[in-house]
Every structure is written in C-alpha cells, then in structure tokens.
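The values are calculated or read from the model by the stated rules, or taken from the named source; none is laboratory data. All of these numbers come straight from a predicted model, not from anything done at the bench. Heads up, the Cβs are rebuilt from the backbone with ideal geometry, glycines too, and the neighbour counts pull from every protein chain shown.
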Amino acid sequence: MEEKWVNVGANSATYSSTTLVNGDIITCVLTSNATCPTGNPATSNQVIMTVNPNLPVSVSISADNNPICAGTNVTFTAVPTNGGAAPVYQWKKNGVNVGSNSATYSSLTLVNGDIITCVLTSNATCPTGNPATSNQVVITVTAQPTATFAIVADNNSICAGTNVTFTATPTNGGTPTYQWTLNGVNVGSNSATYSNNTLANGTT
C-alpha cells in the first residue's frame, strides 16, 4: 500500500509537534533558490518516531500488624505500579522522612496515631503522576493492661488435717495458666484452685 504523505509545519527550518504517534515518519522537502541547483527539490532522510505509552505511577503500602501493642515491631511493604527497573522509595512517618530506599520499612517505636506513607519515584519510560504518594496507614496502639492476681485461702488458722482451698483471682489474665507451689515446689494442677489437707505450720 502506498504511503500517504501529509504536509505539515510551516516554511521553516524547524518543525514541532505534540501529537506524534508511534510509527509516524517525518521528512522535509527542501526547494532551493540557488543558481543552477541539481536534484531540486530534495527530500531529506526519514525520522521514524517511537512513541512510548504513558505509564501511570502509583504505590500501595500495607502493615504486617495493626493494631499493635506498644513496642511491637511493624513492617510496612510498598507495592509499586510502573515503578521501573530501579524505583526510589522514601518512607515518611507523620510527614517526616524515615527508613531507607527500600520497598520495606520497619519500626518498633510507633505510637498511637502515627501515619506512615511512602513516596515512590519511578524510573520507567514516560511515567505520569511521578513521584506518587501511597495510601496512609494509621497506627493504632492498644494500651497494655497490667496482669495481676491474688490468692486467698478459705481458712488460714487451722487444726492439723484440716483441708484448705486456695483460690486465685486474676485481673487482665486473658486465658491464664496456673502453677501452684508448696514451699517452692510445684503442686496441684492448672486450675484456679488448689486444695491440701496435710499442711504444716509455716507452710508457704
């Protein structure tokens, strides 16, 4: 099929365009006004355009743990779109630069309300929206309750051979495990109560 050539531009030594598409072929025909020219008019070499598609850049981050207890290590991972072969990552905590140029960022000093983001700078060909800022991950730090418990005996002044039952009452125990001791030696079972009818005076 015969190539269809379309005149563009003006009578100028330069031609500019912002609407070129892949495969467009640009030439220039020069008509000389010199005296006795040969090969006039003359057609230039061809410039075949390679137009790369625009690549929208974005990045999404997630945390491996949230909400957390204070002092828990959290690792954030960035997943880039159209980041190119060597993207650059800049992590931010509450808008301040942290971390290193890595697809992950870890911290064990996060506090409640900290906001983590990542700015991705792509080195892809023809990126758009570059650099791109990720979604926000807002950290929730759950207060750590103090686990305590107390034990009481149903009878503390007894006669020899009297059965005594001890009861443990935990606070913030979750699903606790119990280990009773008698004078430092493990006794009883994993139970909130322990009974003994052979206690001697001064037994702990």
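For I158, work out the one condition from (1) modelled with pLDDT of 85 or more; (2) outside any loop (DSSP other than H, G, I, E, B); (3) over 30 Å from T72 (Cβ atoms) it doesn't fulfil.
Against the list (1) modelled with pLDDT of 85 or more; (2) outside any loop (DSSP other than H, G, I, E, B); (3) over 30 Å from T72 (Cβ atoms), I158 comes up short only on (2).
Each row is one residue, and each column tells you yes or no for (1) assigned by TED's automatic domain parsing to the domain that holds S102; (2) surrounded by 11 or more Cβ atoms within 10 Å (Cβ to Cβ).
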site	(1), (2)
T121	yes, yes
T133	yes, yes
A153	no, yes
F166	no, yes
N172	no, yes
Y178	no, yes
T181	no, yes
G184	no, no
G188	no, yes
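Quick check on my filter: what residues within the stretch 39-60 are within 30 Å of Q136 (Cβ to Cβ), assigned to a strand (DSSP E or B) and not hydroxyl-bearing (S, T, Y)?
L55, P56, V59
Going by the conditions given, is G9 under 53 Å from the mean Cα position of the chain (by Cα) and outside the structural domain of V138 (by TED's automatic domain parsing)?
Here the answer is yes, as G9 does meet what is asked.
So which of V79, V59, V74, V98 is in contact with a Cys (Cβ under 9 Å, 6 or more places away or on another chain) and surrounded by 12 or more Cβ atoms within 10 Å (Cβ to Cβ)?
Result: V59 is the single residue among V79, V59, V74, V98 that is in contact with a Cys (Cβ under 9 Å, 6 or more places away or on another chain) and surrounded by 12 or more Cβ atoms within 10 Å (Cβ to Cβ).
Here's a check for you: in the stretch 10-38, which residue that is touching a residue at least 12 places away in the same chain (Cβ under 8 Å) and part of a loop (DSSP other than H, G, I, E, B) is farthest from V51 (Cα to Cα)?
Top of the filtered list is C28.
How do the pairs read when you match residues in the stretch 186-204 that are in contact (Cβ under 8 Å) with a residue 24 or more places away in the chain with residues anywhere that are among the polar types (S, T, N, Q), using Cβ under 7 Å and keeping only pairs 6 or more apart or on different chains?
Here the result reads A192/T167; T193/T165; T193/T167; S195/N163; S195/T165; N197/T162; N197/N163, each pair linking the stretch 186-204 to a residue that is among the polar types (S, T, N, Q).
Scan the stretch 49-81 residue by residue and report those that are at pLDDT 95 or above and in contact with a Gly (Cβ under 9 Å, 6 or more places away or on another chain).
L55, P56, V57, S58, V59, F76
Within the group T177, T198, which residue is within 49 Å of the chain's Cα centre (by Cα), farther than 30 Å from V88 by Cβ and not in a strand (DSSP E or B)?
Numbers: T198 fails: within 49 Å of the chain's Cα centre (by Cα).
Just one listed residue meets the conditions, T177.
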